[in-house]
Amino acid sequence: FFFNDTATTEIYTEQIVGSVRCVQETGLTEGVHSGDASGLVPDTFRIASQILEKIEDVRTGRAKDDFQVNIPAVRYEEACRVVEFLGSEITEKFPWVEGAQPTTSNVLEAYLNRTWRPQLTVIGADGLPPTSQAGNVLRPETTLKISFRIPPTLDALKAQTRLKQLIEENPPYNAQVTYTPARPVPGYGFNAPEISKELLSLIEESSREFFGKPAGYLGEGGSIPFINMLGQKFPKTQFLIAG
């Protein structure tokens, strides 16, 4: 992957995608008027929000320690070089509305958040009517589709198992809460092995010849486990994948 300064990708994060379904277990089989039930029947959106707080701190976005990893020293050093290369472009490249701010003003922390720290995103929802059609009703259920991007060295299957456990155990108000993964076995991220001196020299020479600057190494989000599969199949092979 090449930017204004050349850089190659050495890590891919992986995402766990699944659905969180929250059904209030009160005997309700349909929505009821909020004037009659509010204050007695807990809103399923509130239940869903509390479930998400089991996974991350909603104020900071930091995921629970169960999903954190130690960032390898070599990757941290590479991250510092990437930040030196790209600077504020790391955060400014997105289509911000006027006045909006990223999660952190520290560009290095922003880059590490994106590549080495787990991140939760709600990417879809069912059970919520369009605002033009919504009435004063306590809905019987809420379903959220979540994407949970995990660090490249975290065991994805263990992470998915722990995620399901956190979501389903001890639900608020004894609600019926289920987690259904989008795929039974999640894909895995990829953390490239140490680059051989020969390949490292070729990358560096090519970068200086064509771009006039040294090479940099960065991480990128990915949802296709193809590169990791190649690495497992040919563990002693050095890969240089361009696209």
Fill in: Hydrodynamic radius by Kirkwood, which averages 1/r over all alpha carbon pairs of region 66-180, in angstrom
17.6
Item to complete: Starting from the amide H of ALA125, placed 1.01 Å from N in the peptide plane, find each other amide H under 5 Å away whose residue is 5 or more places distant or on another chain.
Response: LYS145
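Residue separation times 0.36 nm, minus the C-alpha to C-alpha distance between LYS54 and TYR173: what's the value?
Values: separation 119, 0.36 × 119 = 42.84 nm, distance 1.48 nm.
Result: 41.4 nm gained on full extension.
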Response to the item:
The ³J(HN,Hα) series, computed from each phi in region 226-235 with the Karplus coefficients 6.51, -1.76 and 1.60 at θ = phi - 60°, rounded to the nearest Hz and given as x for glycine or proline, is 4, 5, 5, 5, 5, x, 6, 6, 10, x
Worksheet item: Can you work out ³J(HN,Hα) from phi for every residue in region 76-82, in order, using Karplus 6.51 cos²θ - 1.76 cosθ + 1.60 and θ = phi - 60°, giving whole Hz and x for Gly and Pro?
Response: 5, 4, 5, 4, 4, 5, 4
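How high is the FRET efficiency from LEU157 to HIS33, r the C-beta distance, R0 25 Å, rounded to 0.05? Walk me through the numbers before you get to the answer.
On the way: r = 44 Å, r/R0 = 1.78.
Step by step, r from the Cβ atoms, then E = 0.05.
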Practice prompt. State the extension gain, in nm to one decimal, for the chain segment bounded by LYS64 and TYR76, taking 0.36 nm per residue of separation less the distance between their alpha-carbons.
Written response: 2.2 nm
Worksheet item: Sequence-distant or interchain residues sharing an amide H contact under 5 Å with GLY216, placed H: which?
Response: ALA7, THR8
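Work out how much length THR103 to ILE123 would gain on full extension: take 0.36 nm times their residue separation and subtract the Cα-Cα distance, in nm to one decimal.
Numbers: separation 20, 0.36 × 20 = 7.20 nm, distance 1.83 nm.
That works out to 5.4 nm of additional length.
Could you state the accessible area per residue of region 113-243 in Å², with a 1.4 Å probe and every protein chain left in place? If you can, show how the numbers build up before the last one.
On the way: 7910 Å² over 131 residues.
It amounts to 60 Å² per residue over region 113-243.
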Item to complete: Convert each backbone phi in region 210-221 into a coupling constant with the Karplus relation 6.51 cos²θ - 1.76 cosθ + 1.60 (shift: θ = phi - 60°), then list the ³J(HN,Hα) values in order as whole Hz, x for Gly and Pro.
Response: 8, 10, x, 9, x, 6, x, 10, 9, x, 8, x
Worksheet item: Using 1/(1 + (r/R0)^6) with R0 = 25 angstrom and r between the beta carbons of PHE239 and LYS213, what's the FRET efficiency to the nearest 0.05?
Response: 0.65
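The values are calculated or read from the model by the stated rules, or taken from the named source; none is laboratory data. This structure is a prediction, so every number in the text was calculated from the model and none was measured. No Cβ is skipped: glycine too gets one built from the backbone with ideal geometry, and neighbour counts run over all protein chains shown. Note: accessible area is taken over every heavy atom of the protein model, side chains too, but ligands, DNA and RNA are not part of it. Shrake-Rupley method; radii C 1.70, N 1.55, O 1.52, S 1.80 Å.
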